[in-house]
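Colleague: Quick one: structure below, then a few questions.
The values are calculated or read from the model by the stated rules, or taken from the named source; none is laboratory data. From a predicted model like this one, the values you see are computed outputs, not experimental measurements. Quick reminder, even Gly has a Cβ in these numbers, built from the backbone with ideal geometry, and neighbours come from all protein chains shown.
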Amino acid sequence: MTNSVEAFTYTLPVMPQATHDDFSRSSRMLYERAGIVLGEHKVDMVSRSLGLRTQKTGLGNVRQYLDHLEFNPRSPEWEEFVNTFTINHTAFYRENHHFDVLAKFAAARPKPISVWCSAASTGEEAYTIALTLQQAIMNAELNATILASDIDTVAVSRAREGVFSTDRVLPVPEALLKTYFQRGKGRYAGMVRVKPSLRNMIDFQIVNLVSAENWPKHQKFDAIFCRNTMIYFDKNTQIKLLERFAQLMKPGGLLFVGHSENISHMSTSFRLQGQTVYVRV
């Protein structure tokens, strides 16, 4: 009698592959929807992302996935599609000199003061703005409002929760940590949560910067933060964005941009005041 060994094999599902035409088409769709420009150097990343989304939706191939999006402009899958290609690199007190400028500006500015954090990602920048205003002006909960927005629905949801790992809040001074954050215990050990006194200063919303549909319409801002975001747009989109920012700003208001962004040649509505800080003229 001979013993037989039965072999078991597991075959991974084959992920749908994107063609170069799929890449070109998805790049056009993303640009039209969110203003984001995808360079040819991102072909591999885009192809893998499209394959994963196609697989998760159960569609047969990437072309069918893109067809679904184009023929269904209100499909919830659009959120997932855009979220896949947004960059959420942020940190507390990133480019710290901006918050020194904001503190001095806010202290001297007539109250109440309003600030728009227009690419808020997961919330670190918006909460840093709130911490800065808390220190700069009296009764900041009453004398300051912050609109924090992003196109990435997942990032905004995380920002609303205000929960961060302790390594993420290392740049926050210890005194401010004790005042405005709660340390987690038990299964939340290693985490902190923003206290309501700070979180309530911020209104988190979903805003697509290249679409007029959900922009703030009845509010004027003393300051707008749009840092390291315009670099993902082409020049024409940047120019349109700057002019729309200008329309929403009070005279003498400040626009904060990223360290690699220079808007002096793109708009006559702003004058350079300091390092990547522009004043509304």
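Colleague: Under the condition of being crowded, with 16+ Cβ neighbours inside 10 Å and charged (D, E, K, R), which residue from the stretch 208-239 is modelled with the highest pLDDT?
Modeller: Selected residue: D222.
Colleague: Which of the strands (runs of 3 or more DSSP E) found entirely inside the stretch 207-281 contain at least 1 residues meeting this: of a type outside the set (A, V, I, L, M, F, W, C) and in contact with a helix residue (DSSP H, G or I) (Cβ under 7 Å, 6 or more places away or on another chain)?
Modeller: Counting at least 1 such residues, we get 270-274, 277-280.
Colleague: Let me ask another. Here is a list: R74, R48, R33. Which entry is basic (K, R), closer than 26 Å to L241 by Cα and surrounded by fewer than 16 Cβ atoms within 10 Å (Cβ to Cβ)?
Modeller: The match here is R74.
Colleague: Right, another one. Consider L242 carefully, then state whether it is out of contact with any Gly (no Cβ under 8 Å at 6 or more places or on another chain), surrounded by 13 or more Cβ atoms within 10 Å (Cβ to Cβ), without any contact (Cβ under 8 Å) to a residue 60 or more places away in the chain and farther than 20 Å from I151 by Cα.
Modeller: No: the conditions fail for L242.
Colleague: Here is a further query. Could you tell me which numbered condition N88 fails, if it satisfies all but one of (1) over 25 Å from Q219 (Cα atoms); (2) at pLDDT 95 or above; (3) among the polar types (S, T, N, Q)?
Modeller: Here N88 meets the rest and fails (2).
Colleague: Are any of the residues in the stretch 45-56 touching a Phe, Trp or Tyr at 6+ places or on another chain (Cβ under 9 Å), free of Cβ contacts under 8 Å to residues at least 12 places away in the same chain and either in the same structural domain as L241 (by TED's automatic domain parsing) or of a type in the set (D, E, K, R) (or both)?
Modeller: no
Colleague: Name the residues in the stretch 249-277 that are of a type in the set (A, V, I, L, M, F, W, C) and either surrounded by fewer than 18 Cβ atoms within 10 Å (Cβ to Cβ) or free of Cβ contacts under 8 Å to residues at least 40 places away in the same chain (or both), would you?
Modeller: Within the stretch 249-277, M249, L255, V257, I263, M266, F270, L272 meet the criteria.
Colleague: Considering only residues that are in a loop (DSSP other than H, G, I, E, B) and of a type in the set (A, V, I, L, M, F, W, C), which ones fall in the stretch 112-131?
Modeller: Answer for the stretch 112-131, where residues must be in a loop (DSSP other than H, G, I, E, B) and of a type in the set (A, V, I, L, M, F, W, C): A119, A120.
Colleague: Something else: Tally up the residues in the stretch 39-86 that are polar (S, T, N, Q) and more than 18 Å from V154 (Cβ to Cβ), please.
Modeller: Summing the residues that are polar (S, T, N, Q) and more than 18 Å from V154 (Cβ to Cβ) in the stretch 39-86 gives 6.
Yes/no matrix, rows are residues, columns are (1) more than 21 Å from the chain's Cα centre (by Cα); (2) assigned to a helix (DSSP H, G or I):
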{"position": "M15", "(1), (2)": "yes, no"}
{"position": "L30", "(1), (2)": "no, yes"}
{"position": "K42", "(1), (2)": "no, yes"}
{"position": "S49", "(1), (2)": "no, yes"}
{"position": "L69", "(1), (2)": "yes, yes"}
{"position": "T84", "(1), (2)": "no, yes"}
{"position": "T90", "(1), (2)": "no, no"}
{"position": "K104", "(1), (2)": "yes, yes"}
{"position": "P110", "(1), (2)": "yes, no"}
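Colleague: Which residues, counting only those in the stretch 57-78, are farther than 23 Å from T229 by Cα, in contact (Cβ under 8 Å) with a residue 12 or more places away in the chain and aromatic (F, W, Y)?
Modeller: Y65 - this is the single residue of the stretch 57-78 that is farther than 23 Å from T229 by Cα, in contact (Cβ under 8 Å) with a residue 12 or more places away in the chain and aromatic (F, W, Y).
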